[in-house]
Amino acid sequence: SFGAWFASTPQIVGGYSQGAAGTESALISVGRDKYPGPPPSSRTSGDAEEYNGSGWTSATSNPNAWAFRATCGTATAAITACGTLNGTTYQSGSELWNGSSWTSNTAVPTASEAFNQFGTQTASIGFGGGTPPGAYPANAFTGDGEGWTAGPNLSNDKRYGSGCTGTSTAGIAFGGQSPTNAVVEELDGTTWTSGTAMPTTGHNMPTGVGTQSSAFALPGVMPSTTSTFKYDGTTWTADASTATPRSGRLSSGGTQTSCVLAGTPSNGTA
């Protein structure tokens, strides 16, 4: 019942803290942290790349050089929000991607690093993250591709770098920090309820892939950074480990049975 991972073409630009949206054969990746390679004043970038299932091509860079972006949607209709500039300044800005260019969108009401987002460009849920000075709120916002409205808020406030996936009416959030936890919550469109806890604690995971009842948790900062887990709406089970340890919020997209994972915990390899 286990799946299997195989190597594909490396990314063009290495790094971690990426945002991504799409599937295993049509993905847009945006933003990254390249520490410790470049000087601290230029450690983050707005680099964007597209993946077609076999290789990467450079895409129009995002005008803001931020990492730790919360990104969701498709490879031709994505939304990205919040992030951090050079590891120091938290951001609230948001942009829309149409398959060829980025346009400014209304900023999220709260600046946040390691914000989380799932859904589509015109119906997304953004939540959690870290806000200055060192707070980890339970606040959530609903996005329609033009602006943001408050709620529905989570019951748990430790949602820095959570995994999440699904739609605005059937979503799931799992893991997070501070402290690192295994908490799971599910959204029905208006209310979050507790779900079965993950088998391990984790944060800075990719956004997750799949649906609320068929989710896939990919490696982040967990006790074992090669571990993956699938969820059927009730139970988490271990699946095939990745060949390379992964951490630091990487690019991901697809479903529980067909997905892509890209990125590295540090600069120098793609």
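Residues of region 165-187 being open to solvent by 10 Å² or more (accessible area, probe 1.4 Å) and either over 19 Å from residue 261 (Cα atoms) or charged (D, E, K, R) (or both), which ones?
167, 168, 169, 170, 177, 178, 179, 180, 181, 182, 183, 186
Which of the residues belonging to region 180-208 are under 21 Å from residue 222 (Cβ atoms), not in a loop (DSSP other than H, G, I, E, B) and not acidic (Asp, Glu)?
The answer is 181, 182, 183, 184, 194, 202, 203.
Among the residues of region 127-152 satisfying the criterion of being open to solvent by 40 Å² or more (accessible area, probe 1.4 Å) and not in a strand (DSSP E or B), which is modelled with the lowest pLDDT?
Residue satisfying both the conditions and the ranking: 133.
Can residue 56 be described as in contact (Cβ under 8 Å) with a residue 40 or more places away in the chain and surrounded by fewer than 24 Cβ atoms within 10 Å (Cβ to Cβ)?
Here the answer is yes, as residue 56 does meet what is asked.
Tally time: how many residues in region 219-232 are surrounded by fewer than 23 Cβ atoms within 10 Å (Cβ to Cβ) and in a loop (DSSP other than H, G, I, E, B)?
Summing the residues that are surrounded by fewer than 23 Cβ atoms within 10 Å (Cβ to Cβ) and in a loop (DSSP other than H, G, I, E, B) in region 219-232 gives 6.
With the structure loaded, tell me whether residue 171 is part of a strand (DSSP E or B), within 19 Å of residue 69 (Cβ to Cβ) and at pLDDT 95 or above or whether it fails that test.
Yes.
For residue 180, are the conditions met, namely being touching an Asp or Glu at 6+ places or on another chain (Cβ under 9 Å) and among the hydroxyl-bearing types (Ser, Thr, Tyr)?
Taking the combined requirement at face value, the residue does not satisfy it.
Is it the case that region 251-267 has a residue that's crowded, with 20+ Cβ neighbours inside 10 Å, among the small types (Gly, Ala, Ser) and farther than 26 Å from residue 142 by Cα?
Yes, there is a match, as at least one residue in region 251-267 is crowded, with 20+ Cβ neighbours inside 10 Å, among the small types (Gly, Ala, Ser) and farther than 26 Å from residue 142 by Cα.
Could you tell me whether any residue of region 91-106 is buried (at least 21 other Cβ atoms within 10 Å of the Cβ) and in a loop (DSSP other than H, G, I, E, B)?
Within region 91-106 (the criterion being buried (at least 21 other Cβ atoms within 10 Å of the Cβ) and in a loop (DSSP other than H, G, I, E, B)), the answer is no, since none of the residues qualifies.
Determine which member of the set 190, 211, 201 is under 21 Å from residue 4 (Cα atoms) and open to solvent by 10 Å² or more (accessible area, probe 1.4 Å).
Sole residue among the options that is under 21 Å from residue 4 (Cα atoms) and open to solvent by 10 Å² or more (accessible area, probe 1.4 Å): 211.
Find all pairs meeting these conditions: Cβ atoms under 7 angstrom apart; at least six residues apart or on different chains; first residue within region 190-201 and farther than 14 Å from residue 173 by Cβ; second residue open to solvent by 60 Å² or more (accessible area, probe 1.4 Å).
Going by the 7 Å Cβ cut-off, the qualifying pairs are 200/223.
Quick check on this structure: which one of 155, 124, 112, 162 is surrounded by fewer than 19 Cβ atoms within 10 Å (Cβ to Cβ) and at negative phi?
Unique residue meeting the criteria: 155.
The values are calculated or read from the model by the stated rules, or taken from the named source; none is laboratory data. Bear in mind that the values here come from a model prediction, so they are computed numbers and not experimental data. Positions of Cβ are generated from backbone atoms using ideal geometry, with glycine treated the same way; all protein chains shown enter the neighbour counts. What goes into the accessible areas is simple: the full protein's heavy atoms, side chains included, and nothing from ligands, DNA or RNA. Shrake-Rupley method; radii C 1.70, N 1.55, O 1.52, S 1.80 Å.
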